1. Would you be able to tell me the number of residues in region 110-144 that are open to solvent by less than 10 Å² (accessible area, probe 1.4 Å) and closer than 30 Å to Ala210 by Cβ?
2. Could you say which residue among Phe91, Phe95, Phe8 is farther than 23 Å from Ala227 by Cα and out of contact with any Ser or Thr (no Cβ under 8 Å at 6 or more places or on another chain)?
3. Which residue is most open to solvent (accessible area, probe 1.4 Å), if the candidates are limited to region 157-191 and must be in contact (Cβ under 8 Å) with a residue 40 or more places away in the chain and aromatic (Phe, Trp, Tyr)?
4. For Phe223, work out the one condition from (1) farther than 30 Å from Ser72 by Cα; (2) over 13 Å from the mean Cα position of the chain (by Cα) it doesn't fulfil.
5. Going residue by residue through region 181-193, is there one that turns out to be among the aliphatic types (A, V, I, L, M), assigned to a helix (DSSP H, G or I), more than 17 Å from Tyr244 (Cα to Cα) and in contact with a helix residue (DSSP H, G or I) (Cβ under 7 Å, 6 or more places away or on another chain)?
6. Considering only region 74-95, state which residues are within 20 Å of the chain's Cα centre (by Cα) and modelled with pLDDT under 80.
7. For region 223-242, name all the residues that are free of Cβ contacts under 8 Å to residues at least 24 places away in the same chain and open to solvent by less than 20 Å² (accessible area, probe 1.4 Å).
Amino acid sequence: MNKSLKNFFNLVVGAARDLAPIVGVIGFFQVVVLQAPFPNLENIIVGLIFVVLGLALFIQGLEMGLFPIGESMADALAHKGSLPALLGFAFCLGFGTTIAEPALIAVAAEAAGVASAGGAIIDTDESRDNYATGLRLTVALSVGFALVLGVFRILKGWPIQYLIIGGYILVVVITLFAPDEIIGIAYDSGGVTTSTITVPLVTALGVGLASVIRGRNPMIDGFGLIAFASLTPMIFVMIYGMAY
């Protein structure tokens, strides 16, 4: 067994081990609590196999492609010494990865459907599409802004805790004035942005940038961009709801 095949086999075993607690909980409640057989057991088994393989392939893809490209681009831009280029790359990375997030697309579509059913917007396909698109663009812009702020923090060496505490104080203040219909959507938007596409590239950007800047520690300064990416959508979406 060559090295790459062995590594992939280890990833498959690790993915199966990670999923084992979930399978165990579902199996316990289905068999012991509900005392009922699994419906379509064959499909469930095949689906679990696909999930394990998919998770292993996803992790392999991160290690082979996304992490190296993120770190190498951060390294190249930092050595180039162009602050506008670095901040522009951070904004475009945040905007581009977020607008493509499947979780955000799903939440925006669901929010548009609920808003039309509740009378907040006109019950037409065009109105729902406009609402969902506006929500996605707002969240994407907020994540782009978050990465710009996070990169600037790494460059300046600012303590992250003060920025995060100040940000959540601002969230609480805006919540007092935001429409009730948008608050839950805004809070969920902060979670769905940090998903499969955004997290690997953003993490690689932060760690790669902190690794090449003199005086910065990747463990202390390289992480925290995800926290900004979760925080700013709540602020932006509530403001979007107030202005819509």
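The values are calculated or read from the model by the stated rules, or taken from the named source; none is laboratory data. Small disclaimer: the values here were computed from a predicted structure and weren't measured. Note that we place each Cβ from the backbone using ideal geometry, even for glycine, and neighbour counts take in every protein chain shown. The accessibility values were calculated without ligands, DNA or RNA, using every heavy atom of the protein model including side chains. Shrake-Rupley method; radii C 1.70, N 1.55, O 1.52, S 1.80 Å.
1. Going through region 110-144 one residue at a time, the tally reaches 5.
2. On the way: Phe91 fails: farther than 23 Å from Ala227 by Cα; Phe95 fails: farther than 23 Å from Ala227 by Cα.
Only one candidate passes the filter, namely Phe8.
3. Phe177
4. (1)
5. Of region 181-193, the ones among the aliphatic types (A, V, I, L, M) are 182-183, 185-186, 192.
Next cut, assigned to a helix (DSSP H, G or I) only: 182-183, 185-186, 192.
Next, from what is left, pick out any that are more than 17 Å from Tyr244 (Cα to Cα): 192.
Applying the additional criterion that residues be in contact with a helix residue (DSSP H, G or I) (Cβ under 7 Å, 6 or more places away or on another chain) yields 192.
Yes, region 181-193 contains a residue that is among the aliphatic types (A, V, I, L, M), assigned to a helix (DSSP H, G or I), more than 17 Å from Tyr244 (Cα to Cα) and in contact with a helix residue (DSSP H, G or I) (Cβ under 7 Å, 6 or more places away or on another chain).
6. Kept after step one, since they are within 20 Å of the chain's Cα centre (by Cα), are these residues of region 74-95: 74, 87-95.
Correct list: Ala74 only.
7. None - no residue of region 223-242 is free of Cβ contacts under 8 Å to residues at least 24 places away in the same chain and open to solvent by less than 20 Å² (accessible area, probe 1.4 Å), so the list stays empty.
One line per residue, one yes/no per condition, for (1) closer than 30 Å to Ala146 by Cβ; (2) among the charged types (D, E, K, R); (3) modelled with pLDDT of 80 or more; (4) open to solvent by less than 40 Å² (accessible area, probe 1.4 Å):
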{"site": "Lys3", "(1), (2), (3), (4)": "no, yes, no, no"}
{"site": "Ile26", "(1), (2), (3), (4)": "no, no, yes, no"}
{"site": "Val32", "(1), (2), (3), (4)": "no, no, yes, no"}
{"site": "Leu48", "(1), (2), (3), (4)": "no, no, yes, no"}
{"site": "Leu53", "(1), (2), (3), (4)": "no, no, yes, no"}
{"site": "Phe58", "(1), (2), (3), (4)": "yes, no, no, no"}
{"site": "Met64", "(1), (2), (3), (4)": "yes, no, no, no"}
{"site": "Thr97", "(1), (2), (3), (4)": "yes, no, yes, yes"}
